[in-house]
Every structure is written in structure tokens, then in C-alpha cells.
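The values are calculated or read from the model by the stated rules, or taken from the named source; none is laboratory data. These numbers come from a predicted model, not from an experiment. Positions of Cβ are backbone-derived with ideal geometry, glycine not excepted, and every protein chain shown enters the neighbour counts.
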């Protein structure tokens with residue numbers, strides 16, 4: 001007796017069998033095995049990309065803030081990376097780093113740098129001249145001015161950059177499925193091949209929801225760390 | 001005091017002695033400019049006095065002031081604070097010992113009023129306790145109740161309040177020297193007058209050596225113990241007391257700068273109760289109190305069409321001032 005070649009997936013509900021617009025029963029059944037792990041992977045992909053991108057951008061921005069001539073080369077390189085279509089970038093990286101998470105992260109990090117670098121530098125440069133003069137006049141050293149004045153005042157611009165970077169990385173990270181089956185792109189890509197609506201909508205909605213929640217959290221973070229920016233003005 | 005004393009740490013109440021500032025052939029040239037910004041400036045500002053630097057724009061007033069805390073570096077000559085050349089000190093150490101107030105205030109927008117005032121004490125490593133005590137003391141001095149203002153941000157203050165905080169911040173570590181660059185220039189006239197008077201009151205208490213830059217000769221006359229008038233090219237045209245500058249302008253430039261109403265301005269320097277007056281002996285005329293300036297007394301005479309005003313002292317005694325006497329005084 002030969003074993004059945006086709007594994008037993010159990011009974012599909014009518015909704016799933018007929019591929020109706022959206023089947024809640026499928027979502028309930030597949031939350032644990034499919035959607036939830038994909039969501040968690042997606043959060044990891046995004047967090048690593050934005051985290052690494054932020055560290056690189058902050059370093060580059062601090063350097064460009066002190067040495068003006070650094071700005072242009074960094075901005076050009078970041079802009080060039082930004083314009084390469086993601087699939088093309090994956091194609092370029094796969095021969096080097098293979099079908100790995102590293103490939104995906106390199107691409108995702110690359111896309112965050114332009115936004116984060118520009119915003120951070122703009123923030124550092126937005127400090128009013130009289131504030132810097134007062135700082136110098138009171139005897140703050142250059143590093144003290146950077147740490148106590150320029151960086152804190154750049155925080156709103158930095159967080160504004162992080163918000164754009166996080167939301168765009170969440171969207172972009174779905175493309176990671178072309179390289180590794182990680183993140184919400186996996187279910188979406190699979191469902192696209194089968195034209196299974198419920199899975200496309202469910203995974204897509206999770207990505208959108210994740211973006212909204214992440215953005216909201218960053219807004220709350222900004223309010224918490226820059227109380228001065230939202231302080232009521234004099235009456 | 002032979003040398004600048006080491007930075008006081010916790011001795012908040014230990015008032016420092018005021019110190020003398022000497023400009024010794026101080027010159028600042030910017031590369032690529034034909035004439036210097038400050039040209040061979042030599043003058044001595046006595047300890048505890050206010051020296052107003054006035055003059056038209058391009059006269060190098062601000063540049064001259066910034067030579068003291070080395071926001072501008074000397075090209076030649078020297079500036080000495082308390083006998084020590086500013087170039088002999090480390091920039092940041094020098095600046096932490098000199099209060100600095102600018103027109104746009106430059107409060108740190110991300111810090112509260114208290115944190116702003118605490119800037120230099122923190123840099124100097126004062127204890128939390130001493131810093132806090134000092135903040136309250138200073139906010140009190142500049143007439144901003146600490147309870148209401150301590151936790152506010154700059155965006156929650158009016159222009160006048162911001163400059164009061166700026167003044168408190170500059171005074172925080174009790175520096176013997178203060179540099180003030182048109183501090184009241186951006187304020188409305190009423191707030192401005194109020195702050196000018198506050199500064200005079202505060203100066204009575206703290207006795208700092210102050211360099212006060214302004215383009216407003218009236219402000220200079222009101223605030224300054226000494227006035228230094230700089231003309232274009234950073235040349236010192238006259239350095240004297242307000243009374244002398246008004247009475248005997250050194251040249252046409254100074255005369256034009258102080259204005260043709262300098263006689264009236266001079267009258268505003270003196271109050272009636274500072275004069276030896278004749279007893280009224282029943283003379284009739286408008287009655288003024290002793291704190292009236294001679295300028296206002298003259299104005300009253302002109303308004304009322306009389307040649308005599310009666311001055312009533314705080315104790316009720318009556319004396320009189322005549323137009324002839326007023327004319328005498330200007331000689």
C-alpha cells in the first residue's frame with residue numbers, strides 16, 4: 001500500500017473552497033502556524049534594518065555636521081542606492097551574499113540611509129544661531145554643545161526621519177519574500193500564486209496595521225522625549 | 001585681588017569682587033577687509049562699573065565686546081581682565097567666568113528655565129543643592145517667581161521674560177564680568193524701559209563690571225557709568241562719563257551722534273533731589289517731587305509757562321528751582 005502522495009490538509013471550509021473575498025475562519029486557523037510567525041519575522045526584519053540604518057546615518061550625519069565636505073558624497077551614495085529598484089538590488093546582492101536574510105537586510109538598510117541621514121543632518125543644522133552663540137559664549141565645548149544642545153534639538157527631526165524610514169521599510173520588507181521566506185511577504189507571495197484572496201488581504205492588512213502602530217509608537221516616543229516641543233505657548 | 005580666583009564651587013553667597021577690564025591697543029582685522037573692525041582700542045573699564053559701547057553699525061562695538069570672551073580673537077594688542085590677558089586663559093574657562101547676554105537671548109528651547117539658568121553651574125560642577133538654591137535666588141533677583149517659572153520652557157515666556165531668564169543665566173555662576181550685546185534691543189519700549197531699570201537695580205546689588213553694547217545713545221546715558229563711542233572702522237571717538245560726553249563732545253562726530261538735544265539729555269541725568277536748591281520762601285509754581293529729572297522739570301516750566309517750579313521733598317520741605325538756575329547748571 002503506497003502512502004498518499006498528497007498530504008492531507010483537512011477539509012477546507014466552503015468559504016475557502018470558493019475563494020470568497022475574506023474568510024475569517026481561515027485567518028483563525030492559520031494565525032498560529034502562518035500569520036503570527038510572519039508578522040514577528042516582519043517586525044525583526046524592519047527593526048534590524050532601521051536600527052542598523054540609524055546607526056550608520058547618525059554616524060555619517062555627525063561626521064557631515066563637523067566636516068561639511070562629507071555631506072555630498074554620503075548624500076550621493078545614499079541617493080543612488082535609494083533609486084535602485086529593490087528587486088534589482090536583490091539580484092545584484094544574491095551572487096555575493098546568497099539567498100539569505102543578510103541580502104535582504106543590506107537592501108533594506110540601504111533604503112533607510114538616505115532618509116535618516118538627511119533628517120538627522122537637517123535636525124543638527126536647524127539649531128538657531130543665537131542658541132549656538134549662547135552656548136559658545138557660556139563656555140560649552142564643541143562636544144558639550146553637540147551632546148547637550150544640538151542632538152537634543154535634532155530629536156524631532158530624527159524621529160520624523162525614523163517614522164518615514166520605519167513605514168517605508170515595513171512596506172519594502174514584504175519584497176524580502178523573493179529572497180527568503182521571511183516576513184509578511186511570504187504569505188502574500190504564496191497567496192498571489194494561488195490567487196487566494198483571504199491570505200493576501202490578511203497579510204497585507206497586517207503589514208498596514210504594523211505600519212500604523214509603529215508610526216503611532218514613534219509619535220508617542222517623540223512626545224515623551226521632547227516635552228518642550230509640545231509645551232503650550234505663552235498666554 | 002592679584003589673580004583671577006579659582007572657580008568657586010559651592011560658595012554661592014561668597015560674592016566675588018568686581019574686576020577691571022583693560023583694552024590695551026586692542027586691534028581686530030578681518031582678512032580681506034581694508035579697515036580694521038576694531039582699531040587700536042585703548043581704555044580701562046573700572047571694576048564694578050558699566051561701560052556702554054555705542055556707535056553706528058560698523059563701528060565694531062560688538063566685535064570689541066567679543067574680544068573679551070574671545071568669541072573674536074585679537075589680531076594685535078591685548079585685553080586684560082583683572083590684570084590677566086584673556087589670551088593666557090583657556091577659552092572655555094575664560095567664558096565660564098564671564099556672563100554673556102545677547103539680543104536674541106538664545107535660551108535653550110529644550111531646557112526649562114531652571115535648566116537654562118543652571119547651565120554654567122553644571123559645567124562648573126556645582127552640587128545639585130547649591131545649583132538649585134542659586135536658581136531660586138536668581139529668578140527672584142530678576143523678578144520671576146521661581147515657583148511659577150522654574151519648569152517653563154522658552155516657548156512659554158514673553159520676550160521680556162526670556163531676557164530676564166537670559167540675565168539670570170548669565171549671572172548664574174556669579175561671574176565678575178558681564179558682556180551684554182544689545183540685550184533689550186528686541187523688546188517693546190515699555191518692557192525695554194522696565195528691564196533697563198531692573199538692570200540698574202540689579203547692578204546696585206551685584207556690582208559687576210559690565211560691557212553693554214547698544215546703538216541707542218539714550219540707553220547708554222541711562223545705563224552707563226562710562227560711555228565709549230566708536231566710529232566706523234572701530235576707532236574710539238570718545239570715552240567718558242555720560243555727563244562729559246553730553247557736555248563736551250570730543251568732536252563733530254560725537255556731537256552729531258549724541259544729538260542736538262544733548263543739553264536736554266544731560267538734564268535727564270540729574271534728579272531735583274540731587275541739587276542744592278534755594279528755600280521756596282512761599283514762591284508759587286507747579287509742585288514736583290524730588291525724584292523728577294531736571295529735564296522733566298524744564299518741560300513742566302515750558303508747559304505751564306512759568307520760570308519757577310516748587311520742589312517738595314519726601315519730608316514735605318519746599319524748595320524752588322528757577323529757569324536761570326537750570327541754565328547755570330548746564331554750564
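Structure values in brief
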read-out: Condition met for residue B:263 (outside any helix (DSSP H, G or I) and at pLDDT below 90); value: no
read-out: Checklist (1) away from every other protein chain (no Cβ under 14 Å); (2) in contact with a strand residue (DSSP E or B) (Cβ under 7 Å, 6 or more places away or on another chain) applied to residue A:57, failing item; value: (2)
read-out: Any chance residue B:290 is surrounded by 15 or more Cβ atoms within 10 Å (Cβ to Cβ), under 26 Å from the mean Cα position of the chain (by Cα) and outside the structural domain of residue B:249 (by TED's automatic domain parsing); value: yes
read-out: Subset of region B:109-135 (residues that are in contact with a helix residue (DSSP H, G or I) (Cβ under 8 Å, 6 or more places away or on another chain), away from every other protein chain (no Cβ under 13 Å) and not in a helix (DSSP H, G or I)); value: B:126
read-out: Selection status of residue B:162, over 25 Å from the mean Cα position of the chain (by Cα), within 14 Å of chain A (Cβ to nearest Cβ) and not in a loop (DSSP other than H, G, I, E, B); value: no
read-out: Residues of region B:165-176 satisfying the condition of being farther than 14 Å from residue B:137 by Cα and either within 12 Å of chain A (Cβ to nearest Cβ) or outside any loop (DSSP other than H, G, I, E, B) (or both); value: B:166, B:175
read-out: Given (1) within 14 Å of chain A (Cβ to nearest Cβ); (2) out of contact with any strand residue (DSSP E or B) (no Cβ under 8 Å at 6 or more places or on another chain); (3) over 27 Å from residue B:35 (Cβ atoms), index of the condition residue B:185 fails; value: (3)
read-out: Some residue of region B:227-242 being surrounded by fewer than 17 Cβ atoms within 10 Å (Cβ to Cβ) and without any contact (Cβ under 8 Å) to a residue 24 or more places away in the chain; value: yes
read-out: Failed item, numbered, when residue B:18 is tested on (1) touching a strand residue (DSSP E or B) at 6+ places or on another chain (Cβ under 9 Å); (2) under 29 Å from residue B:259 (Cα atoms); (3) modelled with pLDDT under 95; value: (2)
read-out: Filter result for residue A:180 (at pLDDT below 95 and either within 30 Å of residue A:66 (Cβ to Cβ) or under 22 Å from the mean Cα position of the chain (by Cα) (or both)); value: yes
read-out: Matching residues in region A:196-227 - criterion: being touching a helix residue (DSSP H, G or I) at 6+ places or on another chain (Cβ under 7 Å) and within 14 Å of chain B (Cβ to nearest Cβ); value: A:222, A:223, A:225, A:226
read-out: Residue within region B:243-253 that is under 28 Å from residue B:30 (Cβ atoms) and either touching a strand residue (DSSP E or B) at 6+ places or on another chain (Cβ under 6 Å) or crowded, with 23+ Cβ neighbours inside 10 Å (or both) present; value: yes
read-out: Helices (runs of 4 or more DSSP H) completely within region A:119-235 that count 3 or more residues being closer than 23 Å to residue A:62 by Cβ; value: A:129-137, A:142-145, A:151-172, A:197-225
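So that you can scan it fast, the table gives a plain yes or no per residue for (1) within 12 Å of chain B (Cβ to nearest Cβ); (2) more than 27 Å from residue A:219 (Cα to Cα); (3) in contact with a strand residue (DSSP E or B) (Cβ under 6 Å, 6 or more places away or on another chain); (4) surrounded by 20 or more Cβ atoms within 10 Å (Cβ to Cβ):
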position	(1), (2), (3), (4)
A:113	no, no, no, yes
A:119	no, no, no, yes
A:124	no, no, no, yes
A:128	yes, no, no, no
A:137	yes, yes, yes, yes
A:143	yes, yes, no, no
A:149	yes, no, no, yes
A:156	yes, no, no, no
A:160	no, no, no, no
